[in-house]
Amino acid sequence: MSTQDLLKSETALEPERYELRAGPSYQFQVDRRDFFKFLGAGILVVCVLNDTSPAQESGRGGRPAGEALPKEIGAWMHIGEDGSVTLYTGKVEVGQNIRTSLTQAVCEELSVPPDKITLTMGDTKLTPYDRGTFGSLTTPVMNLQLRRVASAARDVLVTLAAKQWQVDAKSLIAANGKVTDPASMRSIEYAALAKGQSLTETLPAEDPLIPATQWKVAGQSLPKVDGCDFVTGKHRYPYDQKLPGMLHGKIVRPTAFNATLVTLDTKEAEQMPGVVVVRDGNFVGVAAPTVELASKAASSIKAEWKADPQPSNKELFEVLKKTAAEGADPTGDAGHVTTGSVDQAMAAADHRLQQTYTVSYIAHVPLEPRAALAGWDGDTVTVWTGTQRPFGVRADLAEAFRLPEDRVRVLMPDTGSAYGGKHTGETAIEAARLARAAKRPVKLVWTREEEFTWAYFRPAGVMDVSAGVSKDATITAWEFHNYNSGAAGIRTYYDIPNQRIQFHPSHSPLRQGSYRALAASANHFARESFMDELAHSLKMDPLQFRLKNLKNERLRAVFEASAKKFGWGQPKKPGQGFGMGGGYEKLGNVATFVEVYVDPKSGDVSVKRVVTAFECGAIVNPDNLRNQLEGANIMGLGGALFEAIEFENGKVLNGRMSQYRVPRFRDVPVLETVMLDRKDLPSAGAGEAPIVGVAPAIGNAIFDATGVRLRALPLVPNGLKTS
């Protein structure tokens, strides 16, 4: 899949981004011309986007209300009279370190030191519209866009110098924040060129960029921008935001999902000094001068809720199969994916196999729970919140309060992780509703229990897989059905002439939505586990079986590189097992090899070593890429081994950190990475693809150690039962 193909598929939205198709959480009863008023004189580089949809990622619906799409003029860069460079992007920083990689992109093309550059991110008043930070598109799209902006700005500065010196612009050199004339040895700082200028320039249709083979700043491990602020505690997350005179909010939650409020008694809370009580439909909340008083007031409210009976996690997969509907081709075409004749090829196959795999709901568990601070000025509201979709939250607020979007401003301070779980605006809406009633700013921070219960989960799913194989180990037929979890990564990358692949949406008992890599983690788990089963049924080495059925050279390269680093084929000790899993997602190619040890007496499973080879084109920042690979594998351990939401009759049963098992320091194995730097290919993102290989690799390694085949995630929530 090319970058353009990925952009088209992302614009169409994967079906498992359920949270973006859901209705609103609640419904209650800067103009570009002002830019220079803010910024002062200088050079502003703007871009006319003839078709902005590929440059965006995903969001609810199509063109947002109030946005002049598809020909919006977006301001991307300002060069100040002091030589400072300010970039504007709707992308946001949630721990993936794009603030650093985007800084490198601009440094490279504009030739200025990193400390001269400031990024303004995720501010709906100042930045160009962006549908969201997910889909691993920041690097292939926004990085490229800001490089083009910086390149155009460099050309503007060179032209200004050429006019001032009356020389040919082609003879001048822009480097180190200044323009130099080699013939006369004259030079002038960018700051001097920008002084007194109030120019706007439009990006040329084609602007040659510096190739990766000539990068001097990009391609290097530039330290994290503002890294010291995070280490020392100086950085202020959404949780830390404050305004003078603000109150603290708490929400009275229903006793079960889909419950309706029957009766309400707020007398005790209303008598507490300084407490504001708000009732608006099913919304019940309080605001108070302190968190403690707000909690006390909310606890004193007597609410009676009514909910219909609901299923539990024990019958989950049966429910998903029973309520399934016919799905659409994940590429966007009608019907389902069919190539060749699956039925004929299956009947003619020498070997056939069919298996079913399942994945449970799991929680995102961000380090920072949802938080928002809202304040009103007349009929205009400003909200600071942690979200991957500032413009989406702006639309949610406008819809909830029936406001035009130009009366809503959303700001996104760099946030303490999200993993796809912070796409919706319920916390911002809750804080804004309380603030409107209190006529003072209100900060609302969800508790960990609220985060576990009222956020959306990674979708659960059932995957039915069957295949036919010839005597020479060539896969001739492939059938794959996914129920509920989604279509991302559903297409097989193995070369199989006859395929039938279909996603079936189901009625989900729990609220569900995006999670790191979407359904690619579930689909890769099923596919790569099944490939291992096929190999063993043929008594063939799992690596050789994969390579025999795989022509894609980039994917073959990561499997071979990871196998070499891991030492595939080495002898095993008792209790030791080796396994692999890999694939392709969001333009990234990954292969993960795992070593496990299974205690024969206790059944305890420990992951000892993880080796991951990854290739995503030209590497922008090696250290940051390594961090993404290692972080994805650690996160993937949880969903692979023990993470699962337990629920019954509309209630989460394990909604505390003491009850919901996430990876701990003692769980972290030796992590080794092999990064293939393809400077001949465009750079792609790495936030999602690296996680897809670890779960099947662990499952396959457990089978290698014990002969026990596990087909459900999590694999060993209570240890391995070997008898």
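The values are calculated or read from the model by the stated rules, or taken from the named source; none is laboratory data. Because the structure is predicted, anything quoted here is derived from the model rather than measured. Cβ sites come from the backbone with ideal geometry, for glycine too, and all protein chains shown count toward neighbours. Note: accessible area is taken over every heavy atom of the protein model, side chains too, but ligands, DNA and RNA are not part of it. Shrake-Rupley method; radii C 1.70, N 1.55, O 1.52, S 1.80 Å.
Summary of values
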| read-out | value |
| --- | --- |
| Solvent accessible area, Å² - residue 399, 1.4 Å probe, full protein context | 70 Å² |
| Radius, Kirkwood style, for region 513-590 when every pair of distinct Cα atoms is counted (Å) | 13.8 Å |
| Residues with amide H under 5 Å from that of residue 460, placed H, sequence gap 5 or more | 361 |
| Volume per residue that the Cα convex hull of region 291-407 spans, once the total is divided by residue count, Å³ | 274 Å³ |
| Rg/Rh (Cα only; Kirkwood hydrodynamic radius) as it applies to the chain | 0.99 |
| Whole-Hz ³J(HN,Hα) from phi, Karplus 6.51 cos²θ - 1.76 cosθ + 1.60, for region 451-460, glycine and proline x | 4, 5, 9, 9, 6, 8, 10, 5, x, 6 |
| Against the rule of thumb 2.2 N^0.38 Å, how large the Cα Rg of region 684-723 comes out | 1.42 |
| Options 503, 323, 424, ranked by Cα towards positive dipole end of the chain, top entry (Cβ charges) | 424 |
| Residue 471/residue 192 FRET efficiency (R0 60 Å; Cβ-Cβ; nearest 0.05) | 0.20 |
| Sequence-distant residues sharing a close amide H with residue 674 (under 5 Å, placed H) | 612, 613, 614 |
| Of 302/322; 322/586; 242/302; 551/586, those spanning more than 26 Å from alpha-carbon to alpha-carbon | 302/322; 322/586; 242/302 |
| ³J(HN,Hα) computed for each position of region 712-717 - Karplus, 6.51 cos²θ - 1.76 cosθ + 1.60, integer Hz, glycine/proline x | 10, 9, x, 6, 9, x |
| Whether region 189-281 is rounded, prolate or oblate, judged on the alpha carbon gyration tensor where a/c under 1.5 counts as rounded | prolate |
| Highest average packing first - 353-363, 453-463, 619-629, 207-217, Cβ atoms within 10 Å | 453-463, 619-629, 353-363, 207-217 |
| Long-range HN-HN contacts of residue 504 with modeled amide H, under 5 Å | 482, 483, 484 |
| Per-residue HN-Hα couplings for region 684-690 [Karplus 6.51, -1.76, 1.60; θ = phi - 60°; Hz; x = Gly/Pro] | 10, x, 9, x, 10, 4, x |
| Rg [Å, one decimal], Dmax [Å, integer] - region 346-501, C-alpha atoms | 23.3, 75 |
| Fraction of accessible area attributable to carbon and sulfur, the chain (%, probe 1.4 Å) | 51 percent |
| Stretch gain in nm, segment residue 679-residue 183, where the contour uses 0.36 nm per residue and the Cα spacing is subtracted | 175.2 nm |
| Scaled radius of gyration (Cα, divided by 2.2 N^0.38 Å) that region 233-377 gives | 1.74 |
| Rounded to the nearest 10 Å², the accessible area of residue 226 at probe 1.4 Å | 80 Å² |
| Listed peptides 580-591, 142-153, 240-251 by packing density, highest first (mean Cβ within 10 Å) | 580-591, 142-153, 240-251 |
| Rounded Å value of the spacing that divides the Cα centres of region 541-569 and region 212-241 | 35 Å |
| Whole-Å distance, taken between Cα centres, linking region 583-647 and region 132-210 | 41 Å |
| Calculated [θ] (222 nm, deg cm²/dmol) that DSSP helices of n ≥ 4 give over the chain, each run adding -39,500 (n - 2.57) | -8000 deg cm²/dmol |
| Cα extents of region 452-608 along the three principal axes, largest first (Å) | 47, 44, 28 |
| Inter-part distance where region 334-367 and region 455-499 are each reduced to a Cα centre, Å | 3 Å |
